[in-house]
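What follows is one structure encoded as structure tokens, with my remarks underneath.
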Amino acid sequence: TQLLEQSPQFLSIQEGENLTVYCNSSSVFSSLQWYRQEPGEGPVLLVTVVTGGEVKKLKRLTFQFGDARKDSSLHITAAQPGDTGLYLCAGAVVGGGADGLTFGKGTHLIIQP
Amino acid sequence: ETGVTQSPTHLIKTRGQQVTLRCSSQSGHNTVSWYQQALGQGPQFIFQYYREEENGRGNFPPRFSGLQFPNYSSELNVNALELDDSALYLCASSLYLAGGRTDTQYFGPGTRLTVL
């Protein structure tokens, strides 16, 4: 059973469109990170959210942490070909101690020019 | 770009062999975590090292072992390699917090291991 469910798994849209990626769980997370990963490289941190209801913006990317700290979303406005990549959400489960980050399977995003 | 480095970048081994992967953590970080990422999947937690001791472990067999050195760098050792061990191995460094948790983890570029 995947602790963190990401949707959609694959998304291909045209340049200029908006999109939202979701990350859902039945577990409560003390913090949640979003990473972006290029093929053959390590994940690069985009944002960390720690407070329920928190919203963070990074240029055209908006990240939201659910009020109950069980889910998160990533919204991209006016997507560009440079946004293409694998987007991963990862969380530290409350009470998980030194259990490492739990990752979703990722969303493969392709922005067509 | 993070300050986490890994070596080698690519490695090819045959089934039954042993392999050692290396990681240097970002300056100021004292905790290293290792992850395995199979093709098309998200990373899976292998284990974490803090103060040169294993501080937490995921669902991986004992043939996956590690070390952390006084300068906080780390090694991942895998014995008796199996075909399914082919994956991208990621190292992440962070700062230890109270209660066994760590602050945000920063990842290295990974080592691509192929087992034939």
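The values are calculated or read from the model by the stated rules, or taken from the named source; none is laboratory data. Remember, it's a predicted structure, so these values are computed and weren't measured experimentally. Neighbour counts run over all protein chains shown; Cβ positions are idealised from the backbone, glycine included.
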> Limited to the range A:10-41, what total is found for residues that are under 29 Å from B:Leu11 (Cα atoms) and without any contact (Cβ under 8 Å) to a residue 60 or more places away in the chain?
Replying inline: 7
>> Being under 21 Å from A:Phe103 (Cα atoms), out of contact with any Asp or Glu (no Cβ under 8 Å at 6 or more places or on another chain) and among the hydrophobic types (A, V, I, L, M, F, W, C) is the filter here; which residues of the range B:12-37 pass it?
In response: B:Val32, B:Trp34
> Name the residues in the range B:1-25 that are surrounded by 19 or more Cβ atoms within 10 Å (Cβ to Cβ) and not hydrophobic (A, V, I, L, M, F, W, C), would you?
Replying inline: B:Gln6, B:Ser24, B:Ser25
> Which one of the conditions (1) facing another protein chain (nearest Cβ under 9 Å); (2) assigned to a strand (DSSP E or B); (3) buried (at least 21 other Cβ atoms within 10 Å of the Cβ) does A:His108 fail to meet, given that it meets all the rest?
Replying inline: (3)
> Inside the range A:43-63, can you point out the residues that are within 14 Å of A:Leu19 (Cα to Cα) and in a strand (DSSP E or B)?
Replying inline: A:Leu61, A:Thr62, A:Phe63
> Taking the range A:10-42 as the search range and keeping residues that are at pLDDT 95 or above and not in a strand (DSSP E or B), which one is nearest to A:Asp71 (Cα to Cα)?
Replying inline: A:Asn18
> How about the range B:33-116: which strands (runs of 3 or more DSSP E) wholly inside it have at least 1 residues that are of a type outside the set (Lys, Arg) and away from chain A (no Cβ under 11 Å)?
Replying inline: B:64-68, B:74-78, B:87-94, B:111-115
> Just a yes or no: is a residue in the range A:65-72 in a loop (DSSP other than H, G, I, E, B) and surrounded by fewer than 13 Cβ atoms within 10 Å (Cβ to Cβ)?
Replying inline: yes
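Hey, can you tell me all the residues within the range A:97-113 that are out of contact with any Cys (no Cβ under 6 Å at 6 or more places or on another chain) and in contact (Cβ under 8 Å) with a residue 12 or more places away in the chain?
Result: A:Leu101, A:Thr102, A:Phe103, A:Lys105, A:Gly106, A:Thr107, A:His108, A:Leu109, A:Ile110, A:Ile111, A:Gln112, A:Pro113.
Can you report the number of residues in the range B:3-32 which are at the interface with chain A (Cβ under 10 Å from one of its Cβ atoms) and either small (Gly, Ala, Ser) or over 15 Å from B:Ser74 (Cβ atoms) (or both)?
Qualifying residue count, the range B:3-32: 2.
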>> Could you check the range B:1-32 and list, in sequence order, the residues that are among the polar types (S, T, N, Q), part of a strand (DSSP E or B) and at pLDDT 95 or above?
In response: B:Thr5, B:Gln6, B:Ser7, B:Thr20, B:Ser24
> From A:Leu32, A:Leu86, A:Leu58, A:Leu4, which residue is away from every other protein chain (no Cβ under 14 Å), within 24 Å of B:Ser94 (Cα to Cα) and not hydroxyl-bearing (Ser, Thr, Tyr)?
Replying inline: A:Leu58
